[in-house]
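Asker: Okay, handing you the structure first.
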Amino acid sequence: MHKASVAAAVGAVALFASGSAWAGKDLDSIKARGNLICGVPTGIAGFASADSQGKWTGLDVDVCRAVSAAIFGDSEKVKYVPLTSQQRFTALQSGEVDILSNNTTATLQRDTALGLDFTAITYYDGQGFLVPKKLGVKSAKELNGATVCVAPGTTTELNLADYFRANKMTFKPVVIEKVEEIRAAFFSGRCDVYTTDSSGLYATRAANVPAPATADDYVVLPEIISKEPLAPAVRHGDQQFADIVRWTQYAMLEAEEYGISSKTVDDMLKSDNPTIKRILGVTPGMGKALGVEDKWVYNIVKQVGNYGESFERNVGMGSVLKIDRGLNKLWTQGGLQYAEPIR
Amino acid sequence: MAVESIGSPQHAKIAPWNDPVIRGWVFQAVVVGLVGFLAWFLVTNTVENLARQKIASGYAYLSHEAGFEIGDSMISYSPANTYARAILVGMLNTLKVAGLGIIFATILGTLIGVGRLSPNWLLAKICEGYVEAFRNVPLLLWLFLFYKMISEAFPGPRQALNVLNALFLSNRGLYFPVPAADPIHPWMGLGLLAGIAGAVVLHRWGKQRQAATGKPFPSIWAGAALIVGLPILIWLAGGAPHHMSWPELKGFNFVGGTVIQPEFTALLLGLVLYTSAFIAEIVRSGILALNKGQSEAAAALGLSRAQAMRLVLLPQALRLIVPPMTSQYLNITKNSSLAIAIGYPDLVASVNVTINQTGQAIENVLIIMVAYLSVSLSISAFMNWYNKRIALRER
């Protein structure tokens with residue numbers, strides 16, 4: 001009797017243990033839950049920021065909206081969890097969020113040792129330096145001895161140390177976790193330089209300079225000291241979910257390449273072009289292969305827009321940031337954004 | 001059956017499941033077994049999950065290159081050093097701020113606590129206001145306030161407040177000159193240690209003489225002279241090298257001299273002011289718990305109020321003060337981890353960055369826990385030893 005109950009207990013626990021070991025089906029749990037939990041930055045204008053009504057907008061946010069549109073046919077079934085640079089990986093590893101769309105640089109170490117999968121690159125970025133104009137600095141090579149504000153646990157922090165070592169210069173870091181506090185330290189003059197991805201520098205310069213100073217009192221130095229390919233990340237283990245996230249980005253790029261936008265998508269349904277018919281699901285099969293509705297691209301483009309629309313609306317000329325598309329132009333226009341074909 | 005149970009209780013007759021001794025053992029074994037099983041389950045499940053997600057595990061990363069810079073270090077450190085050294089730098093920074101915090105909070109707290117009992121109405125009310133203000137606002141807010149005050153209120157390095165071209169106060173911290181490194185310094189350190197040892201011996205001898213002859217000996221002044229005098233004598237004997245390293249503005253920052261950084265100042269200030277409010281209340285309660293007769297007797301002997309406090313009341317109050325004081329010391333140590341909010345590079349900051357770069361959260365969190373546990377247990381052990389030493393010996 002006693003032995004039997006112990007055996008039963010062991011059996012029950014073993015079942016529970018193996019049950020949790022199988023729990024690699026992120027997509028199943030997302031569908032069962034009915035929403036996508038998306039880890040975004042705590043506030044970077046243009047990439048992810050919440051307005052006074054709590055509505056999130058930005059390039060990072062659009063990634064999650066598009067994935068939600070692909071899975072649920074509705075771009076609003078997303079729950080946003082703001083995460084600092086320190087919290088983000090643990091949050092993804094532990095299952096607190098389904099997907100990180102957090103201005104995160106894809107690197108070998110993160111792809112392997114951290115147990116993550118990076119999908120398609122949503123923004124080609126590079127690290128730069130923001131300095132007050134009155135310092136009169138013209139180049140990052142003149143920064144020897146400077147005090148530098150930087151966020152902890154980022155590739156930025158490591159590139160910064162590498163760059164100064166490589167150029168035989170020294171610096172003093174001021175490292176604070178909350179991005180708002182780092183910016184405050186920089187603008188109060190605690191640091192000479194603020195460094196992060198140049199997109200973040202433009203966002204800071206456009207949206208966070210405290211009055212009475214203006215954006216013109218600060219300059220972004222010309223040097224870009226690193227490659228920062230920003231990509232959404234998911235956990236290792238559910239390839240199908242990773243595929244959906246990757247192909248969602250490709251779908252937004254393909255849509256732009258073939259001139260499908262949120263305004264033209266309904267007309268495009270009547271197009272005779274076989275590629276467009278395949279992309280929009282008029283010719284069925286693509287969505288089914290991916291494990292979503294055949295209308296998935298239609299839903300993404302109709303509700304979120306193509307990549308170009310999302311870029312211009314959030315960070316490009318249609319926004320306060322006014323970032324030039326540069327490397328993020330389509331490959332057909334001399335940029336690096338090149339989607340694998342939907343066929 | 002009834003006859004048997006009425007008769008003298010016989011242990012041998014009790015069924016094993018009714019025997020309280022056997023039952024006790026079985027229950028304890030079951031509880032231990034369950035706890036052990038739970039631990040085993042958690043560990044194996046975690047290891048299995050980590051392996052399945054291909055997350056690295058183990059402590060091999062400690063010997064890898066850290067790659068990140070630390071803004072404030074007591075030992076030499078560069079990004080080319082290992083993670084282990086980066087964590088050590090953080091640990092030393094934590095010990096520095098906690099150690100200084102404990103010393104200053106004890107001094108300030110005792111003064112405030114005694115001040116609250118002063119017959120001077122103004123002084124007592126000021127001390128009371130101090131206690132209520134610092135005790136009732138969360139420490140984190142004080143830290144933010146002090147940090148903002150330093151970084152917003154002080155000028156930049158190029159407009160630094162300049163005292164005699166030696167002290168420079170700016171939002172980069174307080175720069176001041178220090179003697180340039182010289183081979184005489186280690187010997188002066190030895191002299192200092194010898195002076196301290198001499199002062200302790202002198203103090204004991206003075207006490208013995210007072211007990212034997214009744215003549216007081218100014219052991220405090222004599223001891224201070226020894227502690228200060230010996231290093232100075234060695235310095236003079238070594239030819240009095242007086243090269244100083246002066247801070248001067250070069251490029252962005254001051255170079256030379258040494259600096260107390262704003263993050264450190266804000267953290268130390270916050271910890272000391274906050275904890276001293278609690279210590280003040282502990283000291284006050286310790287003194288008030290003494291029998292009124294003690295102060296009256298001291299007054300009857302002709303001791304001044306200060307003498308009565310120093311010679312009669314505080315030594316007795318100490319026995320009541322030491323145990324709760326231990327928790328305040330532990331609080332300072334643990335609260336120093338709030339450093340992360342204002343960017344002081346303490347243990348938690350170093351380890352957090354390490355977690356982020358290596359992804360090995362479990363191993364790193366274990367390091368933090370073991371580190372704080374050992375520091376806290378050391379403080380507790382020391383305070384318990386001290387408490388025993390000063391305890392009333394009843395004969």
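The values are calculated or read from the model by the stated rules, or taken from the named source; none is laboratory data. Here the structure is a predicted model, which is why all the values come from computation and not from measurement. Quick reminder, even Gly has a Cβ in these numbers, built from the backbone with ideal geometry, and neighbours come from all protein chains shown.
Asker: Does segment A:259-269 contain any residue that is surrounded by fewer than 20 Cβ atoms within 10 Å (Cβ to Cβ) and under 16 Å from A:Ile71 (Cα atoms)?
Answerer: No - not one qualifying residue is present in segment A:259-269.
Asker: Among the listed residues A:Lys141, A:Lys134, A:Lys79, identify the single one that is surrounded by fewer than 20 Cβ atoms within 10 Å (Cβ to Cβ), in contact with a helix residue (DSSP H, G or I) (Cβ under 8 Å, 6 or more places away or on another chain) and not in a loop (DSSP other than H, G, I, E, B).
Answerer: Only one candidate qualifies: A:Lys134.
Asker: Of everything in segment A:165-188, what is in a loop (DSSP other than H, G, I, E, B), more than 7 Å from chain B (Cβ to nearest Cβ) and either of a type in the set (A, V, I, L, M, F, W, C) or surrounded by 20 or more Cβ atoms within 10 Å (Cβ to Cβ) (or both)? Give them in sequence order.
Answerer: Selection gives A:Met169 alone.
Asker: Do you know which residues across segment B:162-174 are of a type outside the set (Gly, Ala, Ser) and either away from every other protein chain (no Cβ under 14 Å) or touching a residue at least 40 places away in the same chain (Cβ under 8 Å) (or both)?
Answerer: Those that are of a type outside the set (Gly, Ala, Ser) and either away from every other protein chain (no Cβ under 14 Å) or touching a residue at least 40 places away in the same chain (Cβ under 8 Å) (or both): B:Asn162, B:Val163, B:Leu164, B:Asn165, B:Leu167, B:Phe168, B:Asn171, B:Arg172, B:Leu174.
Asker: Also, quick follow-up: Does A:Met286 satisfy being surrounded by 15 or more Cβ atoms within 10 Å (Cβ to Cβ) and either modelled with pLDDT under 95 or over 17 Å from the mean Cα position of the chain (by Cα) (or both)?
Answerer: Yes: the conditions hold for A:Met286.
Asker: Suppose the filter is touching a Leu at 6+ places or on another chain (Cβ under 9 Å), in contact (Cβ under 8 Å) with a residue 24 or more places away in the chain and farther than 30 Å from B:Ile260 by Cβ; does B:Leu192 pass it?
Answerer: no
Asker: List every residue pair whose Cβ atoms sit under 6 Å apart, with the two residues 6 or more apart in sequence or on different chains, where the first one lies in segment B:327-346 and is within 9 Å of chain A (Cβ to nearest Cβ) and within 10 Å of B:Leu140 (Cα to Cα) and the second, anywhere, is assigned to a helix (DSSP H, G or I) and aromatic (Phe, Trp, Tyr).
Answerer: Matching pairs, first to second residue: B:Ile342/B:Tyr147.
Asker: Hey, A:Asp162 hits all of (1) within 17 Å of A:Glu223 (Cβ to Cβ); (2) within 11 Å of chain B (Cβ to nearest Cβ); (3) in a loop (DSSP other than H, G, I, E, B) but one; which does it fall short on?
Answerer: Of (1) within 17 Å of A:Glu223 (Cβ to Cβ); (2) within 11 Å of chain B (Cβ to nearest Cβ); (3) in a loop (DSSP other than H, G, I, E, B), only one is false for A:Asp162: (3).
Asker: Could you tell me which residue of segment B:255-282 is nearest to B:Leu117 (Cα to Cα), considering only residues that are modelled with pLDDT of 90 or more and of a type in the set (Gly, Ala, Ser)?
Answerer: B:Ala280
Asker: Among the residues of segment A:311-322, count how many are touching a Gly at 6+ places or on another chain (Cβ under 6 Å) and surrounded by 18 or more Cβ atoms within 10 Å (Cβ to Cβ).
Answerer: 4
Asker: Something else: Report yes if A:Thr196 is of a type in the set (S, T, N, Q), surrounded by fewer than 20 Cβ atoms within 10 Å (Cβ to Cβ) and away from chain B (no Cβ under 12 Å), otherwise no.
Answerer: no
Asker: Moving on. Would segment A:266-276 turn up any residue that is farther than 24 Å from A:Ser226 by Cα and under 21 Å from the mean Cα position of the chain (by Cα)?
Answerer: no
Asker: Confirm whether A:Gly308 is under 22 Å from the mean Cα position of the chain (by Cα), buried (at least 16 other Cβ atoms within 10 Å of the Cβ) and not in a loop (DSSP other than H, G, I, E, B).
Answerer: Here the answer is yes, as A:Gly308 does meet what is asked.
Asker: Okay, moving on. With the condition kept exactly as written, say whether any residue in segment A:49-59 is part of a loop (DSSP other than H, G, I, E, B), away from chain B (no Cβ under 14 Å), under 20 Å from A:Glu180 (Cβ atoms) and acidic (Asp, Glu).
Answerer: Yes, segment A:49-59 has at least one match.
Asker: Another question, then. Do you know which residues across segment B:233-250 are closer than 18 Å to B:Gly189 by Cα and surrounded by 15 or more Cβ atoms within 10 Å (Cβ to Cβ)?
Answerer: Result: B:Ile234, B:Trp235.
Asker: Where in segment B:241-341 are there strands (runs of 3 or more DSSP E), lying wholly inside it, with at least 2 residues that are over 27 Å from the mean Cα position of the chain (by Cα)?
Answerer: B:248-250, B:253-255
Asker: Mind checking which pairs have a first residue in segment B:51-72 that is more than 14 Å from B:Val353 (Cβ to Cβ) and facing chain A (nearest Cβ under 7 Å) and a second that is at pLDDT 90 or above and not in a helix (DSSP H, G or I), Cβ under 8 Å, 6 or more apart or different chains?
Answerer: Between residues of segment B:51-72 that are more than 14 Å from B:Val353 (Cβ to Cβ) and facing chain A (nearest Cβ under 7 Å) and residues that are at pLDDT 90 or above and not in a helix (DSSP H, G or I), the close pairs are B:Gln53/A:Arg235.
Asker: Please count how many residues of segment B:74-113 are surrounded by 18 or more Cβ atoms within 10 Å (Cβ to Cβ) and either closer than 26 Å to B:Leu320 by Cα or in contact (Cβ under 8 Å) with a residue 60 or more places away in the chain (or both).
Answerer: 20
Asker: From the set of residues in segment A:120-131 that are crowded, with 20+ Cβ neighbours inside 10 Å and part of a strand (DSSP E or B), which is farthest from the other protein chains (Cβ to nearest Cβ)?
Answerer: If we take residues in segment A:120-131 being crowded, with 20+ Cβ neighbours inside 10 Å and part of a strand (DSSP E or B), then A:Tyr123 is farthest from the other protein chains (Cβ to nearest Cβ).
Asker: When residues of segment B:175-188 are filtered for being in contact with a strand residue (DSSP E or B) (Cβ under 7 Å, 6 or more places away or on another chain) and either part of a loop (DSSP other than H, G, I, E, B) or within 14 Å of chain A (Cβ to nearest Cβ) (or both), how many remain?
Answerer: Summing the residues that are in contact with a strand residue (DSSP E or B) (Cβ under 7 Å, 6 or more places away or on another chain) and either part of a loop (DSSP other than H, G, I, E, B) or within 14 Å of chain A (Cβ to nearest Cβ) (or both) in segment B:175-188 gives 3.
Asker: Quick check: is even one residue across segment A:235-249 away from chain B (no Cβ under 14 Å), touching a residue at least 60 places away in the same chain (Cβ under 8 Å), assigned to a helix (DSSP H, G or I) and surrounded by fewer than 19 Cβ atoms within 10 Å (Cβ to Cβ)?
Answerer: So far as segment A:235-249 goes, yes, one or more of its residues are away from chain B (no Cβ under 14 Å), touching a residue at least 60 places away in the same chain (Cβ under 8 Å), assigned to a helix (DSSP H, G or I) and surrounded by fewer than 19 Cβ atoms within 10 Å (Cβ to Cβ).
Asker: Which one is farthest from A:Arg88 (Cα to Cα), of the residues in segment B:357-384 that are polar (S, T, N, Q) and within 14 Å of another protein chain (Cβ to nearest Cβ)?
Answerer: B:Asn364
Asker: Sticking with this structure for a sec: Have a look at B:Glu152, B:Glu128 and point out the one that is in a helix (DSSP H, G or I), within 27 Å of the chain's Cα centre (by Cα) and free of Cβ contacts under 8 Å to residues at least 24 places away in the same chain.
Answerer: Criteria check complete, one pass: B:Glu128.
Asker: Out of all the residues in segment A:77-111, which are without any contact (Cβ under 8 Å) to a residue 24 or more places away in the chain and farther than 22 Å from A:Asp197 by Cβ?
Answerer: A:Ser94
Asker: Just for segment B:43-73: of the residues that are of a type in the set (Asp, Glu) and surrounded by fewer than 18 Cβ atoms within 10 Å (Cβ to Cβ), which one is nearest to A:Ala166 (Cα to Cα)?
Answerer: Ranking the candidates gives B:Glu65 first.
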